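Shown next, in structure tokens, is the structure this report addresses.
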Amino acid sequence: MAVSTSFSGTKLEALLLKSAATSSFSHLPLFCKSIRSRRIPFQRSEFSSLRCEVASSDVLVQNDEIDRAKSSNLSALEQLKTSAADRYTKERSSIVVIGLSIHTTPVEMREKLAIPEAEWPRAIGELCGLNHIEEAAVLSTCNRMEIYVVALSQHRGVKEVTEWMSKTSGIPVSEICQHRFLLYNNDATQHIFEVSAGLDSLVLGEGQILAQVKQVVKVGQGVAGFGRNISGLFKHAITVGKRVRTETNIAAGAVSVSSAAVELALMKLPEPSHATARMLVIGAGKMGKLVIKHLVAKGCTKMVVVNRSEERVTAIREEIKDVEIIYKPLTEMLSCAAEADVIFTSTASESLLFTKEEVKNLPPVGHDVGDLRLFLDISVPRNVGACINDLENVRVYNVDDLKEVVAANKEDRLRKAMEAQSIITEESKQFEAWRDSLETVPTIKKLRAYAERIRMAELEKCLSKMGDDIPKKTRRAVDDLSRGIVNKLLHGPMQHLRCDGSDSRTLSETLENMHALNRMFSLETEIAVLEQKIRAKVEQNQK
């Protein structure tokens with residue numbers, strides 16, 4: 001079974017003090033003080049995946065005993081194999097989501113936490129370098145910053161990830177804790193399925209988030225740390241997102257955040273000016289292109305697009321016919337803004353494109369558009385300063401303001417969401433069944449290795465009795481015979497250890513068979529899995 005190395009300091013202390021077994025790779029110097037002493041942590045050495053503290057009221061060690069303890073080489077793996085640590089080794093690794101989204105966190109914090117796609121592999125590597133994290137993935141968009149991990153310990157894993165987020169963003173841990181949400185196992189699975197289906201988006205069923213989930217998988221391929229559980233979770237989430245959109249038509253009328261931005265702009269403009277308002281789009285990336293498409297869908301036939309290079313604008317112009325799209329370089333951005341009534345910004349710039357002083361000096365807009373110049377900033381980090389709202393003739397809207405758009409047609413939205421939830425519940429059960437089925441893999445490997453050891457030992461005995469001058473053909477025939485016998489004997493047990501997780505009855509029987517084989521052959525699968533995990537963390541932290 002998948003297990004956890006989550007041990008409390010006092011519990012592990014008791015295990016370590018009971019044994020002085022030697023180890024080829026682990027040295028844990030032990031320091032103790034009397035009952036009145038404050039808690040003194042273990043020194044972190046080669047075995048850096050365990051952090052322990054000594055605080056036992058039952059053990060008093062004198063100075064000479066401390067010296068002996070320091071010189072003892074204690075093997076944590078041996079402790080686990082020989083001690084009564086059974087209840088710790090049977091804890092299953094947890095899938096955990098540590099998230100901050102538009103529903104819980106203001107844009108000012110999200111933009112500091114945002115991680116560019118190019119840095120996702122680095123972030124995964126750093127997260128998996130933490131003591132209690134096995135696998136990781138990052139989903140960072142304009143509306144959310146979510147970290148998915150497989151944690152050996154829920155509590156310690158969350159603590160380590162939160163501290164990492166604080167370190168990378170400069171936001172205090174206490175402030176992150178105030179806004180974050182935490183989800184575990186089934187709840188975490190259901191959440192990413194809802195995200196992929198567009199149920200957690202401001203615009204119900206928007207398709208852009210599904211593309212972003214796909215990108216997580218694409219970027220994660222080949223990255224150490226984007227492991228079997230996390231990659232399986234995100235791949236299943238893609239399947240769920242596609243199925244929900246196909247079976248519920250949930251995306252009808254709401255495609256992306258960009259479409260919501262366009263709808264909000266039109267809500268704020270007087271209706272007679274919809275066809276005549278001067279539109280400016282800054283940025284011709286994915287978001288900017290979607291803004292242009294939605295403006296055209298709403299009847300706009302002319303707009304100015306400011307971008308770093310002309311190639312993207314030319315490609316958009318070729319794709320969208322019968323619309324006048326005028327390209328301008330970034331150097332002419334302010335002069336273009338002076339002639340625009342509505343300005344959409346969607347760039348990757350980490351600094352503000354418009355300051356209060358610059359906007360204040362722009363000429364006023366006409367009465368036909370309500371005497372207000374509108375800024376629709378759908379970038380994270382933001383491209384337009386919030387303080388610009390202090391000006392009388394300007395209004396700035398960012399991604400948090402799109403909530404106004406999704407308030408319409410609530411009844412139909414809820415009906416489609418309920419249909420989608422039934423699909424997500426069904427798919428969540430299938431994913432959990434698949435994950436449960438992975439528990440049999442260590443037993444299969446252990447059983448085959450056990451049988452192979454016996455085969456090789458008996459083969460050597462047989463060949464030694466036959467003498468040194470055995471023909472190669474005879475030696476090969478005897479080896480094939482022994483291998484064939486073992487394979488045939490293992491065929492039945494192996495068949496009863498395999499299932500795809502789709503049938504709950506079959507899965508239950510498979511897990512029962514796994515536990516029975518563990519007992520019959522003393523395979524110690526739980527300890528073996530824990531040993532593999534500890535060794536992996538040790539090797540990782542030694543690099």
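Please go through segment 329-366 and pick out each residue that is β-branched (Val, Ile, Thr) and either under 20 Å from Val257 (Cβ atoms) or open to solvent by 40 Å² or more (accessible area, probe 1.4 Å) (or both).
As a first pass, look at segment 329-366 and keep what is β-branched (Val, Ile, Thr): 331, 342-343, 345, 347, 355, 359, 365.
Across segment 329-366, the qualifying residues are Thr331, Val342, Ile343, Thr345, Thr347, Thr355.
Ser258 versus (1) farther than 17 Å from Asn383 by Cβ; (2) open to solvent by less than 10 Å² (accessible area, probe 1.4 Å): which is the lone unmet condition?
(1)
Output the number of residues of segment 293-321 satisfying the condition of being in contact with a helix residue (DSSP H, G or I) (Cβ under 6 Å, 6 or more places away or on another chain) and assigned to a helix (DSSP H, G or I).
Looking only at that region, the number is 3.
Can you confirm whether segment 306-328 contains a residue that is in contact with a Cys (Cβ under 6 Å, 6 or more places away or on another chain), hydrophobic (A, V, I, L, M, F, W, C), closer than 17 Å to Asn383 by Cα and crowded, with 17+ Cβ neighbours inside 10 Å?
yes
I need the full set of residues from segment 155-180 which are in contact with an Asp or Glu (Cβ under 9 Å, 6 or more places away or on another chain) and open to solvent by 30 Å² or more (accessible area, probe 1.4 Å), in order please.
Result: Thr168, Val173.
From the residues in segment 232-253 that are of a type in the set (Gly, Ala, Ser) and open to solvent by less than 20 Å² (accessible area, probe 1.4 Å), which one is nearest to Val203 (Cα to Cα)?
The extreme case among them is Gly241.
From Ser346, Ser309, Ser335, which residue is free of Cβ contacts under 8 Å to residues at least 12 places away in the same chain and under 24 Å from Ser273 (Cβ atoms)?
Values: Ser346 fails: free of Cβ contacts under 8 Å to residues at least 12 places away in the same chain; Ser309 fails: under 24 Å from Ser273 (Cβ atoms).
Exactly one residue qualifies, and that residue is Ser335.
The values are calculated or read from the model by the stated rules, or taken from the named source; none is laboratory data. Nothing here was measured: the structure is a model prediction, and the numbers come from that model. Cβ sites come from the backbone with ideal geometry, for glycine too, and all protein chains shown count toward neighbours. Just the protein is used for accessible areas: all its heavy atoms, side chains included, with ligands, DNA and RNA removed. Shrake-Rupley method; radii C 1.70, N 1.55, O 1.52, S 1.80 Å.
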